[in-house]
Amino acid sequence: MSSSKRGAFIVIEGLDRSGKSTQVSLLHDRLQDAQNAGPTKVVMLHFPIRTTAIGKMIDAYLHSESELDDHTIHLLFSANRWELASTITAHLEQGTTVLADRYAFSGIAFSARKGLPYEWCRAPDVGLPAPDLTLFLNISPEVAATRAGYGLERYEKEEVQKGVKQVFDKIGREMQEDGGSEGKWVEIDAGKTKEEVAEDLWKAVEPLVNGAQGSIGRLWENL
Ligand code: DGP
């Protein structure tokens, strides 16, 4: 790795049952293999991180074991990301690649879908470390609903996922219009086979295998 490079921050977003967890894990292994030649390491984070005190409250909510006001749960999800912000930054500065399964974009999509104002939903995440690349696994909510395991958690209902997808589409349009300054947004067709999706993801990620240039960005810092 050249001395001017730091670790890359890569985020994968998508609807529930878009194959996201499988793909994040495949990508993690492939990044590790590709990096065997160099000193770069890769760590994987699955948001929400359910092991912290805040994460446990989120987990209980997702399993419908507790009820929380929509604003409250939104802020808890954001707080859960802030809990990890300094860890993410430290990894990147040490040259470690950070691969995150979900991030602030899920935060906006799931809460704006409930009717909370878009800008209000974005506000608590302003200033978080910005990804260098965000990959959105795009799948129709109808196809996602036919996949194994669907419906086990609170948000896994077709009408919820349709609303979430509309907000994700809006975020994607804004990020692309913005020239990618908040973490380049790339849409991947997740309706293809597992192998094809993995290949498409790899094409987007490969330029970052040996790290990213420049300082770590901050999400929506120029609003
Ligand atoms: P996952 O572990 O990726 O299946 O995510 C669990 C659920 O939590 C999933 O339905 C999406 C939802 N979720 C993830 N991040 C957020 C967030 O920041 N806000 C809200 N409201 N929901 C989220």
- With no solvent and one equal point scatterer per Cα, compute the Debye intensity ratio I(q)/I(0) for the chain at 0.11, 0.15 Å⁻¹ and report its log10, rounded to two decimals. -0.52, -1.00
- Message: I'd like to know which of Ile88, Leu219, Ala145 lies farthest towards the positive end of the charge dipole of the chain, counting +1 on Cβ of Lys and Arg and -1 on Cβ of Asp and Glu.
- Response: Ile88
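With Kirkwood's inverse mean 1/r over C-alpha pairs for Rh, give me the Rg to Rh ratio of the stretch 161-223, two decimals please.
1.02
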- Give the residue from Leu62, Ala104, Trp120 lying farthest towards the positive end of the charge dipole for the stretch 1-134; charges sit on Cβ (+1 for Lys and Arg, -1 for Asp and Glu) and the dipole is referred to the Cα centre. Ala104
- Can you give the angle from 0 to 90° between the axis of helix 194-205 and the longest principal axis of the chain, with both taken from C-alpha atoms, to the nearest 10? 60 degrees
- If one builds a Gaussian network model of the chain from Cα atoms under 10 Å apart, the most fluctuating residue listed among Ala79, Ala148, Ala123 is Ala148
- Measure of size requested: the Rg and Dmax of the stretch 76-182, with Cα atoms as the atom set and Å as the unit; please supply both. 14.9, 42
- Estimated dipole of the chain in Debye, rounded to 20 [Cβ of Lys and Arg +1, of Asp and Glu -1, Cα centre]: 280 debye
- Query: In terms of Cα to Cα distance under 24 Å, which lysines are near enough to Lys162, apart from those fewer than 8 places away along the same chain?
  - Reply: Lys20, Lys114, Lys170, Lys184, Lys192, Lys194
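No lab work stands behind these numbers, since they all come straight from the coordinates. Keep in mind it's a predicted model, so treat the numbers as computed, not measured. Virtual Cβ from ideal backbone geometry, glycine too; neighbours counted across all protein chains shown.
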